[in-house]
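Reading through the structure tokens given below for one structure.
The values are calculated or read from the model by the stated rules, or taken from the named source; none is laboratory data. What you are looking at is a predicted structure, and each value in this text was computed from that prediction instead of being measured. Here the Cβ is made from the backbone with ideal geometry for all residues, glycine too, and neighbour counts use every protein chain on show.
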Amino acid sequence: MASDLNTVTVVGRLTRDAELKFTGTGLQICSFSIANNYRRKSGEEWIEETNFFDAVMMGRRAEALHKYLTKGTQIGIEGALRQNRWEKDGQTRSRVEIFVNDLQLFGSPSGNRSGAAPAGQESRAGKSFGSYSQPPAGESDEFEDDVPF
């Protein structure tokens, strides 16, 4: 039997400064919210829409990165959806959030990287969220010959 898959990747901007809390056992918990903009066509015009996602990251990386996670900073996250359930006033409530496994800082709110974490502070996600680069000088993306069929 195949196992289930629960993976999500989002690139967007933080809607607020990250909050860092500690459990009774000292586990670091960093929570934040990310806005992801997208466009869709409605008739003849394009409509811009925004989705908002709550996210949580745990551990030493969460503590190290939280000071760089400020409102407006563009980030990329990879993780899994997690549903929290609890009871309040006799009613069951739930909330879905992204449990972050990897995080990449793309830049500060002003667009420069001065607010970005030092290379040693960034998570290993940098490789998976790398940006496209031009081919080295003398090399090209174009084919020199026609397609052989």
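Scanning region 35-85 for residues that are within 19 Å of THR7 (Cβ to Cβ) and of a type in the set (Asp, Glu) yields ASP54, GLU78. Scoring ALA64 on the criteria (1) touching a strand residue (DSSP E or B) at 6+ places or on another chain (Cβ under 7 Å); (2) outside any strand (DSSP E or B) leaves a single failure, condition (1).
This table checks each residue for (1) closer than 18 Å to GLY72 by Cβ; (2) free of Cβ contacts under 8 Å to residues at least 12 places away in the same chain; (3) out of contact with any His (no Cβ under 6 Å at 6 or more places or on another chain); (4) among the hydroxyl-bearing types (Ser, Thr, Tyr).
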position	(1), (2), (3), (4)
THR7	no, no, yes, yes
GLY12	yes, no, yes, no
PHE22	no, yes, yes, no
ARG40	no, yes, yes, no
GLU44	no, yes, yes, no
PHE53	yes, no, yes, no
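In this entry, ARG61 is excluded by the filter for residues that are closer than 21 Å to PHE99 by Cβ and surrounded by fewer than 12 Cβ atoms within 10 Å (Cβ to Cβ).
The set of residues in region 46-79 being over 16 Å from ILE29 (Cα atoms) and of a type in the set (A, V, I, L, M) consists of ILE47, ILE75. Candidates are the residues of region 27-47 that are modelled with pLDDT of 95 or more and not polar (S, T, N, Q); the one that is surrounded by the fewest Cβ atoms within 10 Å (Cβ to Cβ) is LEU27.
The test for being at pLDDT 95 or above, touching a strand residue (DSSP E or B) at 6+ places or on another chain (Cβ under 8 Å) and exposed (fewer than 15 other Cβ atoms within 10 Å of the Cβ) holds for THR50.
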